[in-house]
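Heads up: the structure comes next, in structure tokens.
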Amino acid sequence: MSEVLAVQVASAARAAGLVVVSSEAGEKYSGGATAKFTLALAAGPAPAANKTQLLELSEGFEFGRADLSDGVRTYLAEAARRLKNPRPDCYMTLHGLPLSFGRFGWPFHESTSGADTSLVHGEVRLEDGGESVLHAKIAASMTVTFRDIVAAPEQPFAEGFIYNAVRKTMDQGQLELVKSGNRQPVPLTTRYYSMKQKQFVFNDTSEEQRRDFLAAKVYWLSGVLGEGEPVWLLDPRDAQYLNTTPEELRGAAEALIADGLLRLAEDGHYAVPTPKLTDRREAYRAQLARTLQSIKPAFNEDMRAGLTNM
């Protein structure tokens, strides 16, 4: 592992309030070396396994480039906020699925099938408070045109929009959660990016949808998965996923607080559910069941009966 890169990452992590717990050499999917850094909050007790962040960079990553170093520093600052969540690896979908993200192999690698695309592999799992069985192995593919938008095909510059593309693809019913199965495609194209606005676009949402999203996020990530620990309300990844801003998320949170559904914690950026919100457990369970049913492939009974127009 490059000692220079290790020193640069450690310095940037320290500036963000993080510490490098461990580091090791890794290997790219298509060959070549990577450096893996396990990060945790600098303050507080020794971190649990689910309270760390794995950062994987190509060994030759050019940390000295201003545009790249700024991107990494922004990524680390957000990671420090996210690591205060009880489950930093978990995210909500608009349709009510709490998902964990993991086992991603960075950076992007070129397709081995001859296609002119770059790929990264990972896994998402359903987290409903029980045994985490249902999951989807995914292969996110980035087109040549889309690749030109990204500063570098590395984790700090791509992780956020990939997670949002997975959530969007799940919302569209194009990913199935199974007990076992092959990798499922998540295409990344310029339809997820506005050339005019110079920003990613995923879901046009109303104020009501943003309120419902935040309420579900706090219910699941704090009330069910987090033993009542506070959850970050103003995550920029959620803002990007909802085509909104952290400021508008703050407005949605304030409305939920006024309705008696959330209670602020820490510096006003985190919240826990009130009993009024946790009393909605049956409604949230029913929504989860409906969404799981909607993404399950259905057999065409007309075809079974031979009623096809072929």
* To do: Can you tell me which residue among Ala40, Ala12, Ala79, Ala33 is farther than 13 Å from Gln155 by Cβ and under 18 Å from the mean Cα position of the chain (by Cα)?
  => Ala40
* Asked: Here are Ser141, Ser118: which of them is more than 17 Å from the chain's Cα centre (by Cα) and either modelled with pLDDT under 95 or surrounded by 20 or more Cβ atoms within 10 Å (Cβ to Cβ) (or both)?
  -> Ser118
* If you take the residues in segment 64-103 that are among the hydrophobic types (A, V, I, L, M, F, W, C) and surrounded by fewer than 17 Cβ atoms within 10 Å (Cβ to Cβ), which one is modelled with the highest pLDDT? -> Ala77
* To do: Just name the residue that is surrounded by the fewest Cβ atoms within 10 Å (Cβ to Cβ) out of those in segment 194-223 that are assigned to a loop (DSSP other than H, G, I, E, B) and in contact with a helix residue (DSSP H, G or I) (Cβ under 8 Å, 6 or more places away or on another chain).
  => Val201
* To do: State which residue is modelled with the highest pLDDT when the search covers only segment 283-310 and only residues that are under 30 Å from Leu126 (Cα atoms) and in a loop (DSSP other than H, G, I, E, B).
  => Ile295
* Residue check for Thr117: farther than 27 Å from Val72 by Cβ and of a type in the set (Ser, Thr, Tyr) -> no
* Asked: Applying the selection to segment 231-259, what residues are outside any helix (DSSP H, G or I) and out of contact with any Asp or Glu (no Cβ under 8 Å at 6 or more places or on another chain)?
  -> Val231, Trp232, Leu233, Leu234, Leu242, Thr244, Thr245, Asp259
* Structure fact -> Residue hits (segment 252-294; without any contact (Cβ under 8 Å) to a residue 24 or more places away in the chain and among the hydrophobic types (A, V, I, L, M, F, W, C)) are Ile257, Ala258, Leu264, Ala283, Ala286, Ala289
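The values are calculated or read from the model by the stated rules, or taken from the named source; none is laboratory data. Quick caveat: nothing in here was measured; it's all calculated off a predicted structure. As a convention, Cβ positions derive from the backbone with ideal geometry for all residues, glycine included, and neighbour counts pool all protein chains shown.
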